[in-house]
Amino acid sequence: MSSAQTSTPQRRGFGIASITRAVNELTIIVGFVLISLYLGITTPAFLTSANLLSILLASSLIGIVAVGETFVIVTGGIDLSVGSVVAFTGVMAGLALNAHMPVPLAVIVGIGIGALSGGFIAFAVTFLNMSPFIVSLAVLAMARGLAFIVTNGNTIFSFPDAFDNIGGGNLGPFPVAALITLLVFLVAGLVLSRTVFGAEVYAVGGNRDAARLAGIPVNRTLAIVYVISGALAGLGGVVLAGRLDSAQPIAAVGLELNAIAAVVIGGASLFGGKGSMLGTLLGVLIIGLINNGLTLKNVQPFWVQFIQGAVIFGAVLIDSLNQKRRKS
C-alpha cells in the first residue's frame, strides 16, 4: 500500500513537469516561427538557401557550447569560462598541428584541455565549496591569459585541410560544423532525458539536499557536468579554428553570454532543475536568427550588442518572474 501511495505522486509530478516542459517548448517554437516569418517577409535575402546555411554555420559554435552550459545550468550552476576556453583550446590544437601532430591527436588535445579546465572548476566547486560564478570567472581570465601567453599574442595559421574541414567543410550542401552540432545535441538529449545520470542532473538542480538524502552522488554529478562543459568548449575551439583556418587568442569573446542566453531562452532556469536540449536548440536558433536578421538589416554593430544584451536581460527577467510565481 505504501509503495503504491509513494509512486502515484511521483508519476503525477513527472506528468506535470513533462506537460510544463512541452508547453514551454511549444511557446519557444511559436516565437521561432514568428521571428522567421517576420524576417522572411521584411528581408527577401533571409529565405535564400545560402543565408539559411550561413545561419546554421554561424550558430554551430554557440550550439556546441550551449549544450555543455545546459548541463551546468540544470544543476543550478553556471560556467562563464567557455568563451576563453574555446580560444585557449583552439590555439593549443593549432600549436599541436604546427608541431606536426596528426589531426586526430590535435583534436583530442583541444577537447582534452577543455575537459581539464572543466575539471579544475569542478574541483573548486565540489571540494573547495567555491561559487561556480567566481571560479568560472577566474578561469575565464586565466584561460584567456594563457591563450595570449602561449602565442605571444599572435595568430596561428596554416592548418591541414583535414582539420579545416571540421569547422569549414561541407558534407553535401550542409556545413560539417552544423552536422557535428546536431550530433552533439542528439547525444546530449538522450543522456539528459533517457539515462540515470540525466535524472541525477535534474535532481541535483531541483533540490541538492533532497538529492543527497536520496543517495544521489551530488559532487560526482556536479563534477561530470563541468567536465562536459569544458570538453564541449574544447570541441568548440577545434571547430572555430578549423572554420577560420587560424587560431586566435582573442577569439570567442562574449561567447559565454550568447550560450547562456540560448539556454535560458530555451526554457532552462538559472535557479536549476529545469531545461531541455530541444529547448536549448531552439534558443540557439533564435539567437542565430536575431543575429542574422540584424546583419541583413544593416543594423550598426553597437546596436547589435545592445539588442543582444536586452534579449539576455529579458530572458533572465522572465526566468526570475517564473521562479517567484512558483514559490508563491
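The values are calculated or read from the model by the stated rules, or taken from the named source; none is laboratory data. The structure displayed is predicted, hence computed values, not measured ones. All Cβ positions, even for glycine, are placed from backbone atoms using ideal geometry, and neighbour counts span all protein chains on display. Each accessible area value is taken on the protein alone, full model and side chains, heavy atoms only, with ligands, DNA and RNA left out. Shrake-Rupley method; radii C 1.70, N 1.55, O 1.52, S 1.80 Å.
Listed values, structure above:
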{"item": "Whole-Hz ³J(HN,Hα) from phi, Karplus 6.51 cos²θ - 1.76 cosθ + 1.60, for region 188-197, glycine and proline x", "result": "5, x, 5, 4, 6, 9, 10, 10, 4, 4"}
{"item": "Spacing of the two label points (7 Å from each Cα toward its C-beta) at residue 183 and residue 138, in nm", "result": "3.6 nm"}
{"item": "For residue 170, residues with placed amide H under 5 Å, excluding near neighbours", "result": "176"}
{"item": "Percent carbon-and-sulfur accessible area, the chain, ignoring ligands, DNA and RNA, probe 1.4 Å", "result": "71 percent"}
{"item": "Backbone HN-Hα couplings from phi across region 290-301 [Karplus 6.51/-1.76/1.60, Hz, Gly and Pro as x]", "result": "4, 4, 5, x, 5, 5, 5, 8, 6, 6, 4, x"}
{"item": "Residue 26 paired with residue 48, simple spin-label distance in nm, labels 7 Å along Cα-to-beta-carbon", "result": "3.7 nm"}
{"item": "Using θ = phi - 60° and Karplus 6.51 cos²θ - 1.76 cosθ + 1.60, couplings along region 257-271 (whole Hz; Gly, Pro as x)", "result": "5, 5, 5, 5, 4, 4, 5, 6, 4, x, x, 6, 9, 5, 8"}
{"item": "Heavy-atom accessible area per residue - the chain, 1.4 Å, Å²", "result": "48 Å²"}
{"item": "Rounded to the nearest 10 Å², the accessible area of residue 133 at probe 1.4 Å", "result": "100 Å²"}
{"item": "Dipole magnitude of the chain about its Cα centre (Cβ charges: Lys, Arg +1; Asp, Glu -1), debye to nearest 20", "result": "1040 debye"}
{"item": "For region 213-328: relative contact order, % (alpha-carbon pairs under 8 angstrom, 6 or more apart)", "result": "20 percent"}
{"item": "In Å², nearest 10: area of residue 324 left accessible to a 1.4 Å probe", "result": "130 Å²"}
{"item": "Mean Cβ neighbour count within 10 Å, used as a protection proxy, ranking 276-282, 217-223, 235-241, 312-318 highest first", "result": "235-241, 276-282, 217-223, 312-318"}
{"item": "Label point distance in nm, residue 318-residue 174, each placed 7 Å from Cα along Cα→Cβ", "result": "2.8 nm"}
{"item": "Contact order relative to length of the chain, as percent, for alpha carbon pairs under 8 angstrom and 6 or more apart", "result": "32 percent"}
